[in-house]
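Where a number appears in this text, it was derived from the coordinates with a stated rule and is not lab data. Keep in mind that this is a model prediction, so the values were computed, not measured. Counting neighbours? That spans all protein chains shown, and the Cβs are built from the backbone with ideal geometry, glycine included.
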């Protein structure tokens with residue numbers, strides 16, 4: 001005859017759930033908890049033999065049982081024309097090219113602020129920055145391919161917008 005399995009000597013009785021952590025200290029001036037209210041019930045631990053991925057989702061403690069729950073519609077990213085949340089994760093080569101061109105031209109302005117002011121003042125940006133523009137364009141071509149760089153105006157647009165301050169010089 002088989003005997004019933006014995007529980008471990010220090011294990012809680014079946015159905016008692018997981019032990020509750022000690023209560024956090026009450027802030028000064030906070031009202032004492034009411035005596036007749038036990039608060040929300042402690043969550044019950046799922047049976048030990050069920051893998052975590054197969055366990056049912058826990059119900060929120062604040063929702064009364066049996067009450068209908070309102071859920072917000074799930075927003076899924078579409079593959080349409082909507083921009084991604086983080087534009088740096090975009091796979092669109094035009095967006096990447098524009099961003100790269102603006103970064104390269106912004107570096108020129110950042111590295112040579114006095115020269116930039118002088119070129120804007122005197123209208124000599126093209127002559128003053130000839131070598132820097134050439135180096136930046138070579139980097140742009142290396143990263144975007146020559147065919148793509150020559151078929152778009154992204155680098156030229158960046159020169160006009162960033163270096164020339166919005167004037168059509170390049």
Show log10 I(q)/I(0) for the range 89-163 at q = 0.18 Å⁻¹, two decimals, from a solvent-free Debye sum over equal Cα scatterers. -0.67
Can you give the FRET efficiency to the nearest 0.05 for residue 95 and residue 146, using r as the Cβ-Cβ distance and R₀ = 25 Å? 0.80
Compute the relative contact order of the range 89-163 as a whole-number percentage, counting only Cα pairs closer than 8 Å that sit 6 or more residues apart in sequence. 49 percent
Full-stretch length increase - residue 124, residue 138 - with 0.36 nm per residue and alpha-carbon distance subtracted: 2.9 nm
